[in-house]
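Data first, discussion second: the structure below is written as structure tokens.
The values are calculated or read from the model by the stated rules, or taken from the named source; none is laboratory data. These numbers come from a predicted model, not from an experiment. When we count neighbours, we look across all protein chains shown, and the Cβ atoms used for this are built from the backbone with ideal geometry, even at glycine.
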Amino acid sequence: MKNFIIAILLFASGISEAQQFNNTTIDTVKNKKMLIGYCTRDAFQDTAFKDWFDEQYNSYQPDFEIVDKLEGKLDDISITIVMGTWCSDSREQVPSFYKILDEINYPSEKVKLICVDRKKKGLSNEADDLNIELVPTIIFYRNGEEIGRIIETPQESLEKDLLGIVRNL
């Protein structure tokens, strides 16, 4: 009964679960499948994305000395990742970033993943108010307020940049 009520509410609001996450479209530049809009990490298990995601994730070796310093520092932090599956920097940085999050057991429900096209637009207006110029852009929030960003590539490393953002909180 509960699922039936949820389905009715989603239908009434014009949103279906199938349309909500992990939508794909074709990148007209490379004529390849790309993710668009709100996504979950599971989207990277699609055959169009799995090879590059898994390869980068598995090959990335975090600096564990820095990772250890991150323990407990992200408890009240939420993260929004804006990326393009067509973008080489996104393909490198996002799997590596997820590996760091896994190492510190960061809860996946605190990560919002938005995939954009080459014009930095999502499926609708997901990224419009985020001032995205380059991807990936990883935005960190504390109590709903932005506290920092990693834009395109880290200044030092993902771990060091992240520690710099959360260190003084």
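Here are some notes:
- If you go through the stretch 119-138 and keep only what is more than 20 Å from ILE77 (Cβ to Cβ) and in contact with a Ser or Thr (Cβ under 6 Å, 6 or more places away or on another chain), you end up with just VAL135.
- For the stretch 139-157, the tally of residues that are basic (Lys, Arg) and either at pLDDT below 95 or closer than 11 Å to ILE77 by Cα (or both) stands at 1.
- Number of the condition not met by ILE147 [criteria: (1) surrounded by 20 or more Cβ atoms within 10 Å (Cβ to Cβ); (2) hydrophobic (A, V, I, L, M, F, W, C); (3) not in a loop (DSSP other than H, G, I, E, B)]: (1)
- Filtered by the rule that a residue be more than 21 Å from TRP86 (Cα to Cα) and out of contact with any strand residue (DSSP E or B) (no Cβ under 6 Å at 6 or more places or on another chain), the stretch 133-145 gives ASN143, GLY144, GLU145.
- Unmet criterion (only one of (1) assigned to a loop (DSSP other than H, G, I, E, B); (2) surrounded by fewer than 19 Cβ atoms within 10 Å (Cβ to Cβ)) for TRP52: (1)
- Criterion (touching a Pro at 6+ places or on another chain (Cβ under 6 Å) and of a type outside the set (Phe, Trp, Tyr)) met by exactly one of GLU159, GLU146, GLU152, GLU126: GLU159
- Selection status of THR137, in contact with a helix residue (DSSP H, G or I) (Cβ under 9 Å, 6 or more places away or on another chain), surrounded by 15 or more Cβ atoms within 10 Å (Cβ to Cβ) and among the hydroxyl-bearing types (Ser, Thr, Tyr): yes
- Any hit, the stretch 35-57, residues being under 21 Å from GLU156 (Cα atoms), in contact with a helix residue (DSSP H, G or I) (Cβ under 9 Å, 6 or more places away or on another chain) and acidic (Asp, Glu): no
- Count of residues meeting criterion [among the polar types (S, T, N, Q) and in contact (Cβ under 8 Å) with a residue 12 or more places away in the chain] in the stretch 107-152: 4
- Checklist (1) in contact (Cβ under 8 Å) with a residue 60 or more places away in the chain; (2) within 22 Å of ALA43 (Cβ to Cβ) applied to LEU163, failing item: (2)
- The residues of the stretch 55-84 include none that are surrounded by fewer than 16 Cβ atoms within 10 Å (Cβ to Cβ), touching a Leu at 6+ places or on another chain (Cβ under 9 Å) and either assigned to a helix (DSSP H, G or I) or of a type in the set (S, T, N, Q) (or both).
- Applying the criterion of being among the polar types (S, T, N, Q) and modelled with pLDDT of 95 or more to the residues of the stretch 7-44, the residue that is surrounded by the most Cβ atoms within 10 Å (Cβ to Cβ) is ASN22.
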